[in-house]
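What follows is a single structure, written as structure tokens, with notes after it.
The values are calculated or read from the model by the stated rules, or taken from the named source; none is laboratory data. Predicted model only: the values in this text are computed from it and were never measured. Every residue, glycine among them, receives a Cβ derived from its backbone with ideal geometry; neighbour counts consider all protein chains shown. The accessibility values were calculated without ligands, DNA or RNA, using every heavy atom of the protein model including side chains. Shrake-Rupley method; radii C 1.70, N 1.55, O 1.52, S 1.80 Å.
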Amino acid sequence: MKIGAYICQGCELGDRLDSGQLATTATRDGKAALAKEHPFLCNAEGVAMIQNDIDNEGVNHLVIGACSRRAKTEAFNFENVTISRANLREGVIWVRPDTDEARELTQEMADDYIRMACAESKSMKIPAASGEQELTRELLVVGGGISGMTAAIEASKAGYKVDLIEKSGALGGVAGQLVKRVPAKAPYNEMADTGIAEMAAAIEADGNISVHLNSSVTKTSGAPGRFEVEVSTESGATNTVTTGSIIQATGFNTYDINKLPELGGGQSPDVVDQLTFEKLVKEANGGAIKRPSDGKEISNAVFVQCAGQRSEKEGHLPYCSGHCCLTSIKQARYAKEAGADATVIFTDLRTPGAGGEDFYRGGQEAGVSFSKGEVSEVVSAGGGLEVKYKDMILNEDCTIGADIVVLATGMVPNNGPDPYLAQDLKAAEEAEDESLVAELQAKVEVAPPSVLNLDYRQGTDLPHLKHGFSDSHFICFPYETRRTGIYAAGPVRRPMDMQQAQEDATGAALKAIQACENASQGRAAHPRSGDLSFPTFRIEGCTQCKRCTVECPFGAINEDEKGYPQYNESRCRRCGTCMGACPVRVISFENYSVETVGQQLKNVDMPDEFDEKPRILVLACENDAYPALDMAAMNRTEYSSFARVIPVRCLGSVNTIWVTDALNSGYDGIMLMGCQKGDNYQCHFVKGSEMAHYRMSKIDDTLQSLNLEQERVATYEVSITDTQRIPQLINEMEETIEKIGMSPFKF
Amino acid sequence: MSDMNTAMVEKYRSSFLKEVEANVEEGDWVKMCMQCGVCSGSCPMENNWEHPPQELFMMIRANKREEVLSSSSMWMCTSCYNCIARCPRGLPITHIMHGLAHYGKRLGLAPKEQPTVKFSQLFWDNLTKTGRVNELKLGLSLYFMNGFGEGIKTALKMKDVGLGMMKTGRLNPFEIFGGHSCKGASDIKKMLAKAKEIEESNTAEFKG
Ligand code: SF4
Ligand code: SF4
Ligand code: SF4
Ligand code: SF4
């Protein structure tokens, strides 16, 4: 190992800091083999200087004392070395006043960051992929509806081979049962052909796509780049497919109309859901539409929106299915074209998408009548139906007669069972929590059959977020699921219409391809895409507690025959949650470990109790909190010079030993900053922030045993927009310390 | 009139909207209203309406025939055009208001005691007699619209205005004796009669 430290003097760093002293700190305290100052480190000459040292001086561990690790990543991108960045610009001079009095503390801050970077550098290894990878240019798509077909076609266009699995005897799915569709392109106010037949024909003619009809997935094992999938036909024949990644596009089922007796569901055959109405229109074949009960030609159709949806009632769907308003407008137009009257009764008409409003207007122009009202009852009367509703504009009870009533019942995702259900049940049984056992048991009983039959320790299917939809990071990684290399597309991910499903499927196909390519090079998927390091564990130290296996948000860890964790490198997102979880601290990455962070925090110069210089350790999530601090610096927001910020991959990677170590080494305050947790989580690794909060809730015992005040350790949920709040929080911590006094643990 | 009303009721028993589309000037626009309420919010008379425009349109769709046609609402419209300027769906709301008022009046459903209804009738009668508006007579009939006593009171209250108008030649007291008419007064009457004939034949189409 040869550490080379490079101190930049550009961006005013040279004016504000004593770079000579920083270089001395690097060599004397940091044990860097060499330290060089440069007036403009990120320019061609500066970069060449570093490269030259790598090539000719044997420098293989870089310490770059310049701007934030988030800046100039292109310039400071060197191969086959470790890189540590001391953030002197955003982390020091930009958050400090440029005054003579401030100078001393500013310099101390910078010196510490250099020491920390050197300490980190010493504990880092040069990451290299395991070398087991291979490129598999093949995707498996489960579901032959519009999402699945779109994904298959797009992947094939990109040069990938596709196995398309469809459980029924034909491609098309729900979209295939429609007469017309809401248009995806101009003119938006006209109904359009579904295009399903053309898509199916295109797939048929595509040599890259093999279609497996009447088939399902009976077992999925392996990892991105090398999934082994058993595909079985109804007759029981099985073949095994090797695939790089998987797209689950299993779509949705209509909500059961029989659950809506008050709206006539299951009471009268003339009360139908939207899909049944499509069938009636298809049967009419351009002529008059006939109602199911007696074949009478309908002259008046009433469409009831939000039937059992957007409703908090037990058993109803609390969410909006997003497509049914437009679908009803479309179907009301079928009725108008067939010569009948059509009325849509809605509480809110929602017509998302570029053309939604035009299509609504088109419906109005066609003479569809729209009434804002809440339907209370649908009853049979005088050989027909009567819809009773409260007109919400007139605030009056009204009744409208109908030959047929179409209920917009919305969508229920066709997902597998929640994989954590079985685990939770087992845990509840062990804890002998009888009511919880009963509750979970009931859920297990109604759980749908598995779709993917994953051979993963954490269960057979994609984890759910809410209401049975698969989990995805809605803002940052919408196509993602919590099983790396497996993507959800279409209504199985969230309610959506055909157009959105097609966009979704295209996105998922591209992501799936990316996963194959990344896996083939041993690189991580997002958000650390390109990261070659992967977690390993020291087998001698492992107590087989399984904390890592259970806590990994991505199900990346299986168990080997002996019960030791088995890391599937290409399933891993490199969040470090397993590292944070391990009670015996045996898990590490080449470039990120309990050691790299532990050494950083220990190498901060700790002034003694009487110096009036407290130290605040800030462990900040690199995805949100750290960038927010950088942005605060860009705005020149000042904060306490006593803070020492260390970026972490995710709060989930924070091992409690860091907190204990920090307390023992005399830090006066410790702040943990991660993303929002819970149902509307913003954590890039889904559960990391939540795990950290949970673990830190236990830290109180440690504080007590050390006789320390609880206020010294605090965990925060922050977001990337908190550029004002985070500096303020840091300053508040300084005030708190002033109040409760310095830590007694300084030496 | 009421015969026609009965016929209309029969024909459009289930859908007042269709009746409006067929008989009310610009009535085929009513279906385009999306109930955003911008018109009602823009209307300077808003607080005086029994039913603001957007609500009237909803009532039409809800088959509230009597209530709409006998409503005083559309008689409150001052033709300020605020609603038209703002309606995101481009409905000619002012015109529809007048169309609805007119249709209600033709059917004999317009509220009898509504001042605008009364004034409109006075104005019409005054105008069609000579082809010119006789301001003195119109003014007087307006004053006495609500009875003799009220009329005297109003006349006294307004006397300064009247004198001022007389002084500047805006009001001629001799107009009380017949007043002057336009050149082709009888032609105007013929024109109006023809217009009425056309209107009624149009409506006849819907009677059967
Ligand atoms: S899309 Fe469906 S659930 Fe949403 S508002 Fe419309 S009818 Fe209701
Ligand atoms: S780093 Fe994260 S994704 Fe990888 S194994 Fe550990 S917990 Fe799982
Ligand atoms: S958390 Fe640590 S000790 Fe427990 S099973 Fe995993 S590696 Fe072993
Ligand atoms: S502004 Fe136009 S669309 Fe909106 S309520 Fe009034 S008439 Fe209807």
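Diffusion coefficient (Stokes-Einstein, Kirkwood radius over C-alpha pairs, 4 °C, 1.567 mPa s) for the range A:255-411: 84 µm²/s, rounded to a whole number.
By the Stokes-Einstein formula, at 0.890 mPa s and 25 °C, the range A:420-494 with its Kirkwood radius over alpha-carbon pairs has D equal to 181 µm²/s.
Bridge orientation summary for the protein assembly as shown: considering DSSP beta bridges with both residues in this region, about 40 percent are antiparallel.
For the range A:143-262, the Stokes-Einstein estimate of translational diffusion at 10 °C and a viscosity of 1.306 mPa s comes to 100 µm²/s, using the Kirkwood hydrodynamic radius over alpha-carbon pairs.
The mean count of C-beta atoms from other chains within 10 Å of the C-beta of residues in B:49-59, rounded to a whole number, is 2. With q set to 0.11, 0.12, 0.17 Å⁻¹, the log10 of I(q)/I(0) for the range A:1-159, from the Debye formula over equal scatterers at the Cα positions, is -0.52, -0.57, -0.89. What fraction, in whole percent, of alpha-carbon pairs in chain B exceed 24 Å separation? Cα-Cα pairs of chain B separated by over 24 Å account for 53 percent.
P(r) tail, chain A: Cα-Cα pairs separated by more than 52 Å, 25% of all pairs. For a straight C-alpha distance cut-off of 21 angstrom, the lysines reachable from A:K282 (same-chain residues fewer than eight places away being disregarded) are A:K180, A:K290, A:K296, A:K330, A:K336. Between the C-alpha center of the range B:33-75 and that of the range A:54-93 there is a gap of 70 Å. Restriction of the GluC sites (Glu not before Pro) in the range A:407-482 to DSSP coil positions whose beta-carbon has at most 15 other beta-carbons within 10 angstrom yields A:E432. Just the protein heavy atoms count here, and of the accessible area of the protein assembly as shown at 1.4 Å, carbon and sulfur take up 49 percent. At a threshold of 10 Å², the residues of the range B:19-40 that become less accessible to a 1.4 Å probe in the full protein assembly than in their chain on its own are B:K31, B:M32, B:M34, B:Q35. For the protein assembly as shown, build the charge dipole from Cβ charges (+1 Lys, Arg; -1 Asp, Glu) around the Cα centre, then report which of B:V117, A:A129, A:V272 sits farthest towards its positive end. Going by the Cα projections, it comes out as B:V117. Taking label positions 7 Å along the Cα-Cβ direction at both A:E101 and B:L122, the computed distance is 8.3 nm, reported to one decimal. For chain B, the list of Cys residues with no other Cys C-beta under 4.7 Å reads B:C33, B:C36, B:C43, B:C77, B:C80, B:C87, B:C182. Of the residues A:N558, A:A284, A:Y716, the one whose Cα sits farthest towards the positive end of the charge dipole of chain A is A:A284 (charges of +1 on Lys and Arg Cβ, -1 on Asp and Glu Cβ, taken about the Cα centre). Taking every Cα-Cα distance in the range B:116-199 and sorting them into 5 Å bins starting at zero, the pair-distance distribution P(r) comes out as 3, 13, 19, 21, 19, 12, 7, 5, 1 percent.
Taking the Cα centre of chain A as origin and charging only Cβ (+1 Lys, Arg; -1 Asp, Glu), how large is the dipole, in debye to the nearest 20? Before the final figure, lay out the partial values.
On the way: 73 positive and 106 negative charges, 245 e Å.
Once rounded to the nearest 20, the dipole reads 1180 debye.
Can you give the FRET efficiency to the nearest 0.05 for A:N635 and A:D15, using r as the Cβ-Cβ distance and R₀ = 22 Å? So the FRET efficiency works out to roughly 0.60. Percent of Cα pairs in the range B:3-111 per distance bin of 5 Å, from zero to the largest separation: 2, 14, 26, 27, 18, 8, 4, 1.
Accessible-area rank, largest first, for A:T194, A:T721: A:T721, A:T194, with all protein chains present and a 1.4 angstrom probe. Surface exposure of the range A:162-267, expressed per residue as accessible area with a 1.4 Å probe, stands at 45 Å². Buried between B and A is an accessible area of approximately 1400 Å², summed over both sides with a 1.4 Å probe. Ranking A:A184, A:M109, A:P224 by Cα position along the charge dipole of the range A:104-247, where only Lys, Arg, Asp and Glu carry charges on their C-beta atoms, puts A:A184 farthest toward the positive end. Couplings 3J(HN,Hα) of the range A:495-507, computed from phi: x, 6, 9, 4, 5, 5, 4, 5, 5, 4, 5, 5, x Hz, in residue order, whole Hz [Karplus 6.51 cos²θ - 1.76 cosθ + 1.60, θ = phi - 60°; x for Gly and Pro].
Sorted largest first by accessible area at a 1.4 angstrom probe radius, with every protein chain in place, the residues A:T347, A:T99 fall in the order A:T99, A:T347. Can you check how the C-alpha radius of gyration of the range A:450-490 compares to 2.2 N^0.38 Å, as a plain ratio? Ratio of Cα Rg to 2.2 N^0.38 Å: 1.12. Across the range B:20-143, the mean sequence separation of Cα contacts (distance under 8 Å, 6 or more residues apart), normalised by length, yields a relative contact order of 26 percent. In a DSSP loop and with at most 15 other Cβ atoms within 10 Å, the chymotrypsin sites (Phe, Trp or Tyr not before Pro) in the range B:143-183 are B:F177. Simple point charges give the picture: +1 on the Cβ of Lys and Arg, -1 on the Cβ of Asp and Glu, and for chain B a dipole about the Cα centre of about 500 debye.
Using a 10 angstrom Cβ neighbour count of at most 13 plus a DSSP loop assignment to flag exposed trypsin sites (Lys or Arg not before Pro), which longest range of chain A is free of such sites?
On the way: sites that count: A:K185, A:K313, A:K466, A:R538, A:K562, A:R636, A:K698.
Value returned for the longest uninterrupted segment is A:1-184.
Using DSSP to call loops (not H, G, I, E or B), can you name the GluC sites (Glu not before Pro) in the range A:8-91 whose Cβ has at most 14 other Cβ atoms within 10 angstrom?
On the way: sites: A:E12, A:E37, A:E45, A:E57, A:E74, A:E79, A:E90; in loops: A:E12, A:E57, A:E74, A:E79, A:E90.
Those satisfying the criteria are A:E12, A:E57, A:E74, A:E79.
Looking at chain B, the accessible area is 56 square angstrom per residue; that uses a 1.4 Å probe and ignores ligands, DNA and RNA.
Can you give the average number of partner chain beta-carbon atoms within 10 Å of each beta-carbon in peptide A:390-396, as a whole number? Mean number of neighbouring Cβ atoms from other chains: 4.
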